[in-house]
Amino acid sequence: MSMAIGIGLRTGGGWSPLALSGLRAWSDCDRTVYQDAAMTVEAGSGDPVGGVPDRSGRGCHAQQATTSMKPTRALSAFPSGRGGLSFDGVDDRLILTGLGAAFSGADIPFSIGVACKVTDTASRALQGIGNSASSTPYAMVYVTGSAYKQYRRDDALVWVSLTGPAMTVNQPQAVIATFGESPGVVARIGVNGGVESSGTMDVGPTTLDRFVIGAVERAGTPLYPFKGVIGCWVVVARALNASERKSLAAYLMDWAGA
């Protein structure tokens, strides 16, 4: 396994996301993934993927029942030699079972880490939380142009966004985003454990029920569908501190060979 490069970013091989209190979902797409949402038929190279097991123990599996919306399995997709899921940038997306409602409300804290490669500079959502009945409220971590961003819009259509560090096309990157950090409603985005961007993102209540990998979904329609490869994601139901963000970044960098 490739080791993370950068001062203070070596994990030593023993750390895993299970060390994070409040862990809600953790999936590794280089392990066994499935063609079907029921997770009975194993997916091989090039197969559609409709089921990715959750390793956190919380049962937040990533699922997609519609074949045309399933990403495909890509072996050896990262410099580490690990495989991932290739998203087509049109409608591919996975829903994390039962997780969307956990972050519904006014500025509910959460964190997400993703190992990924983006293939272009269009607007692409790594992750989004939307509403299956409404076309308005949502929150997401996405890319636009050449930067990562974080966005949240409430039920009254008040919105805020934060521009983070640079996105590099076709390069593996470990993206860590947090929302709701004390002592204020502060969001942060960091890439590869390096420079972070932060800012206030205080909006009102947002009614959410769909936690999506590879898009943000509103009333069943995908917005900013991801184009590229996603290999691993970690979701925590609180804002991570600086030390935890570095540990998670190191883990994801090791995972991807970034």
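Going through region 24-88, which trypsin sites (Lys or Arg not before Pro) have at most 15 other Cβ atoms within 10 Å and a DSSP loop state?
Sparse-neighbourhood loop trypsin sites (Lys or Arg not before Pro): R31.
With a cut-off of 12 Å between beta carbons, the residues surrounding N192 carry a summed charge of 0, where Lys and Arg count +1 and Asp and Glu -1.
DSSP beta bridges confined to region 95-256 are antiparallel in about 100 percent of cases.
Based on the reciprocal of the average 1/r between different C-alpha atoms, the Kirkwood radius for region 24-87 equals 11.6 Å. As a ratio to 2.2 N^0.38 Å, the alpha-carbon radius of gyration for the chain is 0.91.
The three principal axes of the C-alpha atoms in region 181-245 carry coordinate ranges of 35, 32, 18 Å, sorted with the longest axis first.
At q = 0.17, 0.28, 0.33 Å⁻¹ the log10 of I(q)/I(0) for region 60-108 amounts to -0.67, -0.99, -1.11, computed by Debye summation with a single uniform scatterer per C-alpha, solvent ignored. I need the shape label for region 91-168. Rule: rounded when a/c is under 1.5, else prolate if a/b > b/c, else oblate, with a, b, c from the alpha carbon gyration tensor. Here region 91-168 falls in the prolate category.
Taking a ≥ b ≥ c as the square roots of the eigenvalues of the alpha-carbon gyration tensor, region 118-258 is classed oblate because a/c is 1.5 or more while a/b is no larger than b/c.
Calculation over all alpha carbon pairs of region 1-145 in 5 angstrom steps from 0 returns a P(r) of 2, 8, 15, 20, 21, 18, 11, 4, 1, 0 percent. Taking 7 Å steps out from each Cα toward its Cβ at Q171 and N241 produces label points 3.1 nm apart. If you take the Cα centroid of region 75-108 and the Cα centroid of region 162-179, the two points sit 15 Å apart.
Since every read-out is calculated from the coordinates, none of them should be taken as a lab result. Nothing here was measured: the structure is a model prediction, and the numbers come from that model. As a convention, Cβ positions derive from the backbone with ideal geometry for all residues, glycine included, and neighbour counts pool all protein chains shown.
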